[in-house]
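Read through the structure below, which is laid out as structure tokens, and then see the notes.
The values are calculated or read from the model by the stated rules, or taken from the named source; none is laboratory data. The model shown is predicted, which means the values in this text are computed figures rather than measured ones. In this analysis, Cβ positions are derived from the backbone assuming ideal geometry, glycine residues included, and neighbour counts consider all displayed protein chains. These accessible areas exclude ligands, DNA and RNA; they are computed on the full protein's heavy atoms, side chains included. Shrake-Rupley method; radii C 1.70, N 1.55, O 1.52, S 1.80 Å.
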Amino acid sequence: EKSKFYQNFYRNLNKCPQDIKTQAYTSMVRPTLEYAQMVWDPFKTTEIHSLEKIQRQAARFVTGDYSKFSSVTEMLNILHWPSLQQRRCVARLTMLHKAINNNVALTMPPYFEHTNTITRSSHPLTFQLRGQPLTYTPYLYSFYPRTVRFWNVLPYGLINQGSESFQKGLWQPIASGDIVVMLPKDTQVVPSLGT
């Protein structure tokens, strides 16, 4: 059975050129998937995959390639569509950056403090996590603890930039693989934005 995406878009836009299909997805479908993404960023594998599945369906629809031998990942690369998980991560980090620089009316909780000790793996704006035990899953994956863990692995030169430059600059280490956005319970050697 086709999803609502196909029911609405396949019927009306099937014969449209690729740029029209792309615009329809990025302006009508993706914003719905990303509604309130700063505070609702799923950490369960099934929920992450459910959202990504819609974008992968959209990639096939936009390119018109339904072959089982074709790589959807390759289609996403050609379309320059980052994963929705990556986009949510960048959105959360950008919001935190704005909060720290008083560009939005969002106050950091008092139980987050800057560390006093600077090491090779930290910077002057590294936060210490306090409050609820980090084994408490709802707290662990809520906005502040999860985003602060990501924030602490970013280069100091990046977080010192203005909001627009910061958001654009986030994509470079993600695209190069220096920072990996992955499923929350995975582990990798390189600094990761998914744990």
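Just to check your reading of the model, which residue among Ser50, Ser83 is open to solvent by less than 40 Å² (accessible area, probe 1.4 Å), under 16 Å from the mean Cα position of the chain (by Cα) and among the small types (Gly, Ala, Ser)? Steps first, please.
Values: Ser50 fails: open to solvent by less than 40 Å² (accessible area, probe 1.4 Å).
Among Ser50, Ser83, only Ser83 is open to solvent by less than 40 Å² (accessible area, probe 1.4 Å), under 16 Å from the mean Cα position of the chain (by Cα) and among the small types (Gly, Ala, Ser).
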* To do: Any chance you could count how many residues in the range 67-86 are assigned to a helix (DSSP H, G or I) and more than 11 Å from Glu52 (Cβ to Cβ)?
  => 5
* Please specify each residue of the range 1-23 satisfying the condition of being part of a helix (DSSP H, G or I), open to solvent by less than 80 Å² (accessible area, probe 1.4 Å) and either modelled with pLDDT of 90 or more or under 17 Å from Val181 (Cβ atoms) (or both). => Ile20, Lys21, Thr22
* Please enumerate the residues belonging to the range 17-31 that are more than 13 Å from Glu52 (Cα to Cα) and among the β-branched types (Val, Ile, Thr). => Ile20, Thr22, Thr26
* Which residues, taken from the range 94-114, are touching a helix residue (DSSP H, G or I) at 6+ places or on another chain (Cβ under 6 Å), part of a helix (DSSP H, G or I) and not hydroxyl-bearing (Ser, Thr, Tyr)? -> Leu96, His97, Lys98
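For (1) without any contact (Cβ under 8 Å) to a residue 60 or more places away in the chain; (2) in a helix (DSSP H, G or I), each residue gets a yes or a no:
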position	(1), (2)
Pro42	yes, no
Ile48	no, yes
Lys53	yes, yes
Arg60	yes, yes
Asp65	yes, no
Arg88	yes, yes
Ala91	yes, yes
* **Among residues of the range 123-155, those that are assigned to a helix (DSSP H, G or I), at pLDDT below 85 and under 16 Å from Asn101 (Cα atoms), counted** => 0
* Structure fact -> A careful count of residues in the range 156-193 that are at pLDDT 80 or above, farther than 24 Å from Phe112 by Cβ and surrounded by fewer than 11 Cβ atoms within 10 Å (Cβ to Cβ) gives 1
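Looking only at the range 24-33, decide whether some residue is among the charged types (D, E, K, R), closer than 25 Å to Met95 by Cα and open to solvent by 50 Å² or more (accessible area, probe 1.4 Å). Break it down stepwise before answering.
Kept after step one, since they are among the charged types (D, E, K, R), are these residues of the range 24-33: 30.
Among the residues that remain, those that are also closer than 25 Å to Met95 by Cα are: 30.
With open to solvent by 50 Å² or more (accessible area, probe 1.4 Å) added as a condition, the list becomes none.
For the range 24-33, residues among the charged types (D, E, K, R), closer than 25 Å to Met95 by Cα and open to solvent by 50 Å² or more (accessible area, probe 1.4 Å): absent.
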